[in-house]
Structures are given as C-alpha cells and as structure tokens.
Amino acid sequence: MKKIRLDMVFSQSSDVVSREIDGSLIIVPLTSGVGDMEDDLFSMNETGTEIWRMLDGRRTLGEIVETLTGKYRAERGEIERDVIGIVKELIKRRMLVEETA
Amino acid sequence: MSKKPLNKDSATKTENGVPLSGRALIELIKAVHARGLPFRFRAGGHSMAPFIRDGDVIILSPFAACEPRPGDVTAFIHPETESLCVHRVLAVRGGRYLIQGDNLPGKPDGMVPLNAILGRVTVVERAGRRVRMGLGPERRMIAFISRCGGLTLIRRLARPLHGCLRRSPAPCVKN
C-alpha cells in the first residue's frame, strides 16, 4: 500500500452509503451494484465519525490531525497514528479516494 | 473549552457483520434504494417458512416504476410495531396492501400503505445457493392459497409425505 502522508487529501468514495444511526456511523459498500450487509461493513463511533466527516476532498490529513488535536486530550502523535490508521483501513476497503492536485 | 478524551477504540473500530437494530436496517435499506440499488442482508425468523428460512440471505430490490402485486414478497415497516418485516402481499385494496407471513396463517399484518413498503425480495440464497421457489410466477398462486387459508392444509398434508421421503432414501441408494 502507498505510504500515507499528512499532506494528502482524501474524499469519500461514491461506492459507499453512510448513515449516522444511534450515535454511530455505518458505512455500507456498494460493491458490484449491491448494498451488501454480508460484505465488509464498517462501523465507527464518535471520533471515527468525525474523521469520516472531515475526509471531504478539501482538507489534508495534517489539517484533520490539527483540528482533532485542538479538540481531544491526547498527544498529537497519537492522534496522527489514529487518523492514518483509519485512513489506511478505509483505503483497503475502497471507501476512500485520493484527491490529486 | 475543556478537551474531550480521545476514545481510541472509536477511531479504529471495524467489524464485519455489525449487529444492527431494525431501525438502522430500515435507514440503510432506504439509503441504498435511494441510489437505485438492491440491498442484501440476512433474514431472521420463521414467519416465511418454507420459502424463506431463518438465516437465509435475501436481496431486496426497490420497486422503482412498478408497484407491489399479490404474491410479491416485500420488506415493509409493520404498521403496529414499526419493525422491519419480510412477508407476502396477499391482496391490494384501495391502494393499501394486505400482507401476511406464509407461516402465519390467519395473522395478517394489516393494511399496509405503499410508503411503508421498502422493496421486493428478488433473490433468496440458502447455504450459498439460490432458492427460486416462492418468488417466480407461482407466487401469485401461493398468495391466493394463503389468502384462502390453504397453505396450512398443504403443509399438514405434506408433513407425513416429507417424513416418508426422509426415511426412505437408504434402500434406494443401496439399489
């Protein structure tokens, strides 16, 4: 997998449907033209949902880390690892698309 | 402003087969159907046996241009419990649909309005194989028989035969 850098920008793939239900975000892949609950379903709660919302095709990962650092009681490095970790997971499931300049 | 603690788990939690409430499932079905795509999920319960069994995987397609017809197996929001149900349309009266589970004789779900019907079951998969019985042209006959209360009678008559068929294969295999 390509190395994830903080200057990269990602947007949500159009091949997913996401809904916030009962405080958690559920992402359903639309692979092969079907919304498939039997496929890889992705569930995230508060922090994950916040990261997902900020993956809007405009903000860099560095900007997302910055926003979260101002909001959460945690080391920047820890937040950075979390953001990159979740981005990697979403890329692996083809739920994110890299925006190229 | 005080900072919130970071819930590490929340940022990285991923699961397969996330257990969802009925309301969540309804939301997701609506969202996927809004894109014009079918929705695949696992059915639970015995109310549609023998055509849909507990644990079968079903594909629910949006109705798009056509409307539900007698015989169609539909997913809908139950008018009383507001839960998600998958049962068969028996009749259409005044723009509302009389729906009932094949295995729930004499217990109709009531008259369901069109806006409570989410889609039609177009595929049933059991142990990785497609099950066609109950969704093809015979579905209208099944609805008719169910409306007349005949499914229970057929099931009662078929039970001893089913038992015989289960017990009999050994001599045949021996040949």
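Every number here is computed from the coordinates shown, using simple stated rules; none is lab data. In this text, all values refer to a predicted model and were calculated from it rather than measured experimentally. Neighbour counts are summed over all protein chains in view; Cβ atoms, including those assigned to glycine, are modelled from backbone coordinates with ideal geometry.
Computed on the Cα atoms alone, the convex hull of chain A gives a volume of 103 cubic angstrom per residue.
Here each label is just a point 7 Å from Cα along the line to Cβ, and for A:R5 and A:T67 those points are 2.2 nm apart.
Would you work out the relative contact order for the range A:9-95, in percent, from Cα pairs under 8 angstrom that are 6 or more residues apart? In percent, rounded to a whole number, it is 30.
Taking 0.36 nm per intervening residue step and subtracting the Cα-Cα distance, what contour gain separates B:R23 from B:C66 on full extension? Before the final figure, lay out each step's value.
Values: separation 43, 0.36 × 43 = 15.48 nm, distance 2.52 nm.
This chain segment gains 13.0 nm when fully extended.
Helix content alone sets the calculated 222 nm mean residue ellipticity of chain A: runs of n ≥ 4 DSSP H residues at -39500 (n - 2.57) each, divided across all residues, give -11500 deg cm²/dmol. Overall, the range A:9-95 carries a charge dipole of about 300 debye about its Cα centre when +1 sits on the Cβ of Lys and Arg and -1 on the Cβ of Asp and Glu, all other atoms neutral. Along the axis of the charge dipole computed for the range A:20-101 (Cβ charges of +1 for Lys and Arg, -1 for Asp and Glu, origin at the Cα centre), the listed residues A:V28, A:L96, A:I84 are led at the positive end by A:I84.
Given the Cα-Cα distance of A:K88 and A:R76 and 0.36 nm per residue of separation, how much length would full extension add, in nm? It would help to have the intermediate numbers written out before the result.
Numbers: separation 12, 0.36 × 12 = 4.32 nm, distance 1.81 nm.
Going from the current span to full extension adds 2.5 nm.
Listed values for the range A:51-59 are Karplus-derived 3J(HN,Hα) couplings in whole Hz (6.51 cos²θ - 1.76 cosθ + 1.60, θ = phi - 60°), namely 5, 4, 4, 7, 7, 10, x, 10, 7, and x replaces Gly and Pro. Under the combined filter of DSSP loop state and at most 12 neighbouring Cβ atoms within 10 Å, the range A:1-91 retains these trypsin sites (Lys or Arg not before Pro): A:K2, A:K3, A:R5.
When only DSSP loop residues count, what trypsin sites (Lys or Arg not before Pro) in the range B:111-152 have their Cβ near at most 15 other Cβ atoms within 10 Å? Walk me through the numbers on the way to the answer.
Working: sites: B:R120, B:R126, B:R129, B:R130, B:R132, B:R139, B:R140, B:R147; in loops: B:R132.
Loop-located and lightly packed - B:R132.
Charge dipole of the range B:21-156 (Cα centre as origin; +1 on each Lys and Arg Cβ, -1 on each Asp and Glu Cβ, all else neutral): 360 debye, rounded to the nearest 20.
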